[in-house]
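See structure below.
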Amino acid sequence: MADDAACRPFVRPPRLFERTRTPVGARYGYTVGSAQVGVPRMIEPFEQANPHALAAVVAAGEGHSIEASEDIVDAQGVKLWARGRPVAADMIERLVDRRLRRPIEQCLAARDGIDAGQVVAETTRLLEHSEYLSLLAGRDALRLLDVAGRLPLVPPVALLLTAAKGRGDAFTHACLVMLLAGALAARCGCDVSGLQRVMLAALVHDVGEQYVNPEYLRSRRELSLEEWRHVSAHPRVGELFVRTNTRYPKEIAALVAAHHERLDGTGYPARSVARALPEGAGYLLVAETMAGVLNDPVSAPARAVLAMGLVFGEYPMGIVNHVVLAQRSFPVEGSHTLERDAARERVVAVREGLARARRIAATLEDRVEHDAERRSLGRLAPLLSRLDAAFVSTGTAHYFDLVEQCADADAELVLQLELVPREVRWRMRSLARDVAQDLVAFPEGGRERFAPMLDVLRGDAAPRS
């Protein structure tokens, strides 16, 4: 498959559920029973129904014909739900906390749920309503629709896509990422088999979100660390879903696991670098980011280019270049007026925050006492340097120091002054989450030493000169 540094031989990501006595349910939403009082029992993924995924399926059952395709039986052979019986609200209470003989995802079927025809219909609608998507797909549009119509949607996948359709725009997002990934792969010379692999993985990339508390997914507030752990686990849960409930090639599961990673190791959940990513992952990384940016209709193509080009090495540039080429046909739109004082305040806050974070990192080099602290700092310090260099290279960091009057007529400049500080701040908060997760392995003194760094990265402390 044509791809650049993101496309390397498949390396299996770390498992989400290891064969240990760790109470995995407490971390990822699975309820774990016990074989005997006081002794945790090891379970395999999907041996018990996830309450959030099951609730989504039951909710979808109000508008679709979803029923048991076989008797649902627990590990002791007790029938919990009869074959042919439609899903209902009391199903959640009856099944949750029970160890099942077969995963619930393999025991339910959406008789009139999502199929390949509906995927094609939604993708066609996206193409018809977006000049940019039509341009990006270009002459490959019909080929992409043909591939979409041939994707093998096995019953467990169709079931969860049907459930996703009832959760806001989750199904539309899946089709959008599929279309973007396919269009980029086609532009890079991908053959039909490669397109099928990339587009199928893109369509099911967020299936793991069905297993996450929906309140976390739609929350507008900043999530707590524990809530973020649940959300950030969804790529691995999706990987496990594909491995457990389908016979798709192992490459599909690997791509699902990698869709939020970055080539430089700043993604999640595994912090994998380019050499550890599966072949074709670059298409999903770029497509997922583009889909998020395209939710804002104002100057979306230019926003996508700025977001992915800010820090060199995060995204595969061989793929991003196709986004840049397509963006040239879409001039920056929107207001040409900049609120100068507010923009200056944002820029200065980010600039001073980065400077303070780097000073703290330099101080910590002489103070850390534990190997876990050294590993965390060894990863954090160069990332801060790269982020600072990227911010300065855009010209945004010192723009207001050099230019007395903003050129309000330059829409592209206004967009850059608005977007770049926001993108840098987002990355700083992402680094804060990484450090917060590292703190678990720190001694008490280490947590205190890193507290000022966390405050600055989160934006909780006022920057000081």
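Quick rundown of the values:
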read-out: Only listed residue being assigned to a helix (DSSP H, G or I), at pLDDT 85 or above and not hydrophobic (A, V, I, L, M, F, W, C), chosen from Glu373, Glu412, Glu369; value: Glu373
read-out: Residues (loosely packed, with under 15 Cβ neighbours inside 10 Å and of a type outside the set (D, E, K, R)) located in region 122-137; value: His129, Ser134
read-out: Residue count for region 133-188, restricted to those that are at positive phi and of a type in the set (A, V, I, L, M, F, W, C); value: 0
read-out: Sole residue being closer than 17 Å to Arg427 by Cα and either at pLDDT 95 or above or among the charged types (D, E, K, R) (or both), chosen from Arg247, Arg243, Arg236, Arg262; value: Arg262
read-out: Of residues in region 353-364 being charged (D, E, K, R) and out of contact with any Lys or Arg (no Cβ under 9 Å at 6 or more places or on another chain), the one surrounded by the fewest Cβ atoms within 10 Å (Cβ to Cβ); value: Arg359
read-out: Qualifying residue in region 157-166 (condition: crowded, with 23+ Cβ neighbours inside 10 Å and either of a type in the set (S, T, N, Q) or closer than 13 Å to Ala291 by Cα (or both)); value: yes
read-out: Meets criteria (part of a loop (DSSP other than H, G, I, E, B), under 18 Å from Pro156 (Cα atoms) and at pLDDT below 95) for Gly113; value: yes
read-out: Residue under evaluation Leu203, criteria (1) of a type in the set (A, V, I, L, M); (2) buried (at least 23 other Cβ atoms within 10 Å of the Cβ); (3) more than 15 Å from Pro235 (Cα to Cα), criterion not met; value: (3)
read-out: Set Ala270, Ala307, Ala258: member being in contact (Cβ under 8 Å) with a residue 24 or more places away in the chain and closer than 29 Å to His129 by Cβ; value: Ala307
read-out: Single residue of Arg386, Arg374, Arg422, Arg449 found to be closer than 23 Å to Gly292 by Cα and either within 24 Å of the chain's Cα centre (by Cα) or not assigned by TED's automatic domain parsing to the domain that holds Thr289 (or both); value: Arg422
read-out: Every residue from region 376-395 that is of a type in the set (Ser, Thr, Tyr), surrounded by 18 or more Cβ atoms within 10 Å (Cβ to Cβ) and part of a helix (DSSP H, G or I); value: Ser376
read-out: Residue check for Ala287: modelled with pLDDT of 95 or more, in a helix (DSSP H, G or I) and touching a strand residue (DSSP E or B) at 6+ places or on another chain (Cβ under 6 Å); value: no
read-out: Selection count where residues are farther than 15 Å from Arg167 by Cα, without any contact (Cβ under 8 Å) to a residue 24 or more places away in the chain and either part of a loop (DSSP other than H, G, I, E, B) or of a type in the set (A, V, I, L, M) (or both), scope region 203-226; value: 4
read-out: Any hit, region 263-278, residues being of a type outside the set (A, V, I, L, M, F, W, C) and either in a helix (DSSP H, G or I) or over 27 Å from Leu457 (Cβ atoms) (or both); value: yes
read-out: Qualifying positions in region 292-302 - touching a helix residue (DSSP H, G or I) at 6+ places or on another chain (Cβ under 7 Å) and either polar (S, T, N, Q) or surrounded by fewer than 22 Cβ atoms within 10 Å (Cβ to Cβ) (or both); value: Val293, Leu294, Asp296, Ser299, Ala300
read-out: Top-ranked residue in region 429-461 [being over 20 Å from Gly353 (Cβ atoms) and out of contact with any helix residue (DSSP H, G or I) (no Cβ under 6 Å at 6 or more places or on another chain); ranked as surrounded by the fewest Cβ atoms within 10 Å (Cβ to Cβ)]; value: Glu444
read-out: Subset of region 227-247 (residues that are assigned to a loop (DSSP other than H, G, I, E, B) and out of contact with any Pro (no Cβ under 8 Å at 6 or more places or on another chain)); value: Arg247
read-out: Selection from region 176-196 of residues that are farther than 14 Å from Asp146 by Cα and either crowded, with 24+ Cβ neighbours inside 10 Å or free of Cβ contacts under 8 Å to residues at least 40 places away in the same chain (or both); value: Leu176, Val177, Leu180, Ala181, Leu184, Ala185
read-out: Hits in region 152-202 (condition: charged (D, E, K, R), more than 30 Å from Ser69 (Cα to Cα) and part of a helix (DSSP H, G or I)); value: Arg187
read-out: Which listed residue is touching a Leu at 6+ places or on another chain (Cβ under 6 Å) and crowded, with 19+ Cβ neighbours inside 10 Å, from Ile72, Ile104; value: Ile72
read-out: Exclusive hit being buried (at least 24 other Cβ atoms within 10 Å of the Cβ) and in the same structural domain as Met317 (by TED's automatic domain parsing), set Ala276, Ala233, Ala253; value: Ala253
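Condition check ((1) in a loop (DSSP other than H, G, I, E, B); (2) modelled with pLDDT of 90 or more; (3) touching a strand residue (DSSP E or B) at 6+ places or on another chain (Cβ under 9 Å); (4) within 30 Å of Pro269 (Cα to Cα)) across all residues:
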| residue | (1), (2), (3), (4) |
| --- | --- |
| Leu16 | yes, no, no, yes |
| Ala26 | no, no, no, yes |
| Val32 | yes, no, yes, yes |
| Ala53 | no, yes, no, yes |
| Met91 | no, yes, yes, no |
| Glu105 | no, yes, no, yes |
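The values are calculated or read from the model by the stated rules, or taken from the named source; none is laboratory data. Nothing here was measured: the structure is a model prediction, and the numbers come from that model. All Cβ positions, even for glycine, are placed from backbone atoms using ideal geometry, and neighbour counts span all protein chains on display.
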